[in-house]
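Take a look at the structure set out below.
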Amino acid sequence: MLIGDYTILNKNYEELIDFAKSQASSYQNADPFPSIYFDDFFNEEFLSDVLSEFPELGDKSDIQYSNPNEIKLASRGEQKFGPKTKVLMHFLNSEPFLMFLSDLSGITNLIADPYFEGGGCHQIKPGGMLKIHADFNKHRTLGLDRRLNFLIYLNKDWKEEYGGHFELWKTDMSESRAKILPIFNRVAMFSTTDYSFHGHPDKLNCPEDRSRKSLALYYYTNGRPKEEVNDGLEDHTTLFKERKGVDSVSMKAYNGLVNLAVDIMPPALYRTLRNMRKK
């Protein structure tokens, strides 16, 4: 698909919609929750140019997480997007692409996020991780309900032993049902609910001069089905869960304190402390 002067996708619009319709049933009935991954979705030359623009994250303008649940880096908004990255991300927020996402997911009236809240450039360095969790469910600025995650992996020549697999877990945390290696030009997409537990739970084992790079976009609707919401948690931040017998005591203790804070603190004070989680 040609967007301006750039060939972004390996499909034209008609092929894109046909692909969505052909994969819709597989997506919507996937185990353990609606999800899919596919390779070579983007034009390789264009995506290589996007990779070459990827910023080295970690300065004061970036979001830095370092706690028992997550050790990772993320950009804020689009301030660090290069020219072609900006073209790509704006296209993925456009009406034609929203129609593709709706046809694939079965979720209608999707709304893109011009703020890239929580999305944009993500980077995990050796030793980093993101424990199993369900995502925040409300956009802080727009008040909309988060419904879809769309992840683009940018890691060329990525080896199995480096780890960094994207894992999808059953709600009861009894087992992982999918492990997806984050190789270059691979897309992972899934429906976001209070029960869609996922993550990169094991510490990254790549060489010191490598890192796990990805682009993340989230899509919203105004309202959502009741069955996607955990009663009493209609508006929540990220919900982490420990893997039984695997994750550390420190993670359990840390999350216990967070949950206690939710229970006893006035909402305004809790929101302030929640935002301080981002250094």
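Values quoted throughout were computed directly from the atomic coordinates according to the rules given, and no laboratory measurement underlies them. Here the structure is a predicted model, which is why all the values come from computation and not from measurement. Glycine also receives a Cβ, built like all others from the backbone with ideal geometry; neighbour counts cover every protein chain displayed.
When the helices in the chain are scored as -39500 (n - 2.57) per DSSP H run of 4 or longer and the sum is shared across all residues, what 222 nm value do you end up with, to the nearest 500 deg cm²/dmol? Please list the in-between numbers first.
On the way: 6 runs with 72 residues, N = 279.
Taken over the chain, the calculation gives -8000 deg cm²/dmol.
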Inset, instruction - Quick one: angle between helix 267-276 and the longest Cα principal axis of the chain, in degrees between 0 and 90, rounded to 10, please. - result: 60
Legend entry - Normalised contact order of the chain, rounded percent, pairs of Cα under 8 Å and 6 or more residues apart: 22
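Can you list the GluC sites (Glu not before Pro) in the range 17-97 that are in a DSSP coil and have 13 or fewer other beta carbons within 10 angstrom? Write out the running numbers ahead of the final one.
Details: sites: Glu44, Glu45, Glu53, Glu56, Glu70, Glu78; in loops: Glu53, Glu56, Glu78.
Of the GluC sites (Glu not before Pro), the ones in loops of the range 17-97 whose Cβ has at most 13 other Cβ atoms within 10 Å are Glu56.
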Inset, instruction - Go through Lys11/Lys80; Lys72/Lys226; Lys203/Lys241; Lys21/Lys159; Lys21/Lys170; Lys60/Lys80 and tell me which ones have a Cα-Cα distance over 23 Å in this structure. - result: Lys11/Lys80; Lys72/Lys226; Lys21/Lys159; Lys21/Lys170
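Would you kindly calculate the translational diffusion coefficient of the range 2-276, applying Stokes-Einstein with the Kirkwood radius from alpha carbon pairs, for 4 °C and a viscosity of 1.567 mPa s, and quote it in µm² s⁻¹ without decimals?
Numbers: Rh = 19.4 Å.
It comes out at roughly 67 µm²/s.
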Legend entry - Rg/Rg_globular for the range 151-218, with Rg_globular taken as 2.2 N^0.38 Å and Rg from C-alpha atoms: 1.14
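What number comes out for the charge environment of His200, summing +1 per Lys or Arg and -1 per Asp or Glu over other residues with Cβ under 11 Å away?
Details: positive: Lys72, Lys131, Lys179, Lys203, Arg212; negative: Glu70, Glu167, Asp202.
Neighbourhood net charge equals +2.
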